[in-house]
Structures are given as structure tokens and as C-alpha cells.
Ligand code: SF4
Ligand code: SF4
């Protein structure tokens, strides 16, 4: 639970998970931001206006999954590193997760890295498909990884420079 250990629980995550039908259509963002904090760069970052805050800047972001096309532009905009884009339609047995990355070393495209869950535990290997850098977001990179489909809602970080088997 976020308030107790800083890790969003499955119950807290449930309302944020897109519907099965939306996930089948392709990439979609998940804003894992469930506290009322004065922050809204994600609202400004989305060219489709898929992220809104009805009650002002201290509201939690509401993401319209029907409007979001999974472009990933919002991922690096979030100072809390709380936005991810999940693509369950990537391949029959694998999904992709696009996540923010502010660590070193920066992995190369094609490199295999460790994939971590929200607690920092290594859960599998991931192949880096894309590394994107934008001047707009300074040193926050956007990295897309390929992982087993059943771990798409668990993997939320990577560690480069190590290799580990799936546990
Ligand atoms: S992935 Fe693109 S369309 Fe979806 S919320 Fe983020 S910026 Fe908007
Ligand atoms: S930018 Fe990130 S931390 Fe700020 S409101 Fe949006 S999702 Fe939450």
C-alpha cells in the first residue's frame, strides 16, 4: 500500500488497469498516480488531451483510455516517474512497457537488462527495444522494453548492466 511502504498495491492499481478490450487494441498509458499532489505536467504533455484533472492541480490525473493512443509523450514528463505505456498487443507471448529512466548506465537498444517490479525486485529479463531522449525532458529517457506478457502489469523499472534469469 502506497501510504505504508511506498509501493502501490494490487487493490490500488486495479482501477488504473485498462479494460481487456482496450488492452487488445494496442499501447495505452497508465498514470500510477493516486495521491492528491500539486502537480500537472502530464496534463500539459498529452497532445490528445487524454489526461485531465477535474478539480484542479491537486487532483489526481484521470486518463481517458479511449482517447490515449499510447504515443508515450507523457512518460518522461512526469517528475514522479509514475506514467507507463503498456502494449499487450505487441506479440502473442510478449508485451512491451515504456518507462521513464534516469539512471546509469544507459542501456543500448537490443541489450538484455533486468526487469524489476514496483518494489525493486528482479522478476525477469527484458530486451530493450527503444531508447528515446528528448531535449524537452532534460535527462529523463524513455525506454521501451519487451517482457513476458504475464508480467506486463508488474514490471515498472529496469537495471542495466546485469543479466538475470526469470524467477
Ligand atoms: S501516451 Fe500519448 S496519448 Fe496517451 S496519455 Fe500519454 S501523451 Fe496522451
Ligand atoms: S505528472 Fe506524474 S506525478 Fe504529476 S500529476 Fe501527472 S502522473 Fe502524477
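Any read-out appearing in this document is the output of simple, stated calculations on the displayed coordinates, not a laboratory observation. Just so it is clear, the model here is predicted, and its values are computed rather than measured. We place every Cβ from the backbone using ideal geometry, glycine too, and count neighbours over all the protein chains shown.
For the range 19-114, the normalised intensity computed at q = 0.12, 0.24 Å⁻¹ comes to -0.42, -1.25 (log10 of I(q)/I(0), Debye sum over alpha carbons, equal scatterers, no solvent). Taking N as the number of residues in the chain, what is its Cα Rg relative to 2.2 N^0.38 Å? Taking the Cα Rg and dividing by 2.2 N^0.38 Å, one obtains 0.98. Averaging the sequence gap over all C-alpha pairs within less than 8 Å and six or more residues apart, then dividing by the number of residues, gives the range 2-159 a relative contact order of 20 percent.
Figure legend: label point modelled 7 angstrom from the Cα of residue 109 along Cα→Cβ; no residues of the range 3-32 have amide N under 17 Å from it. Distance between the 7 Å Cα→Cβ label points at residue 129 and residue 36: 3.8 nm.
Here the range 26-60 is scanned for amide nitrogen atoms under 12 Å from the site 7 Å beyond the Cα of residue 3 along Cα-to-Cβ, giving 35-36.
In a fully extended conformation the segment linking residue 121 and residue 10 would gain 38.4 nm over its present Cα-Cα distance, using 0.36 nm per residue. Using a simple spin-label model with pseudo-atoms 7 Å out from Cα toward Cβ, residue 150 and residue 81 lie 2.8 nm apart. Between 83, 145, 17, the GNM of the chain built on Cα springs shorter than 10 angstrom shows 17 fluctuating the most.
Shown for 137, 101: other C-beta atoms within 10 Å of each C-beta, ranked fewest to most, produce the order 137, 101. The modelled label-to-label distance between residue 102 and residue 17, using points 7 Å beyond Cα along the C-beta direction, is 2.8 nm.
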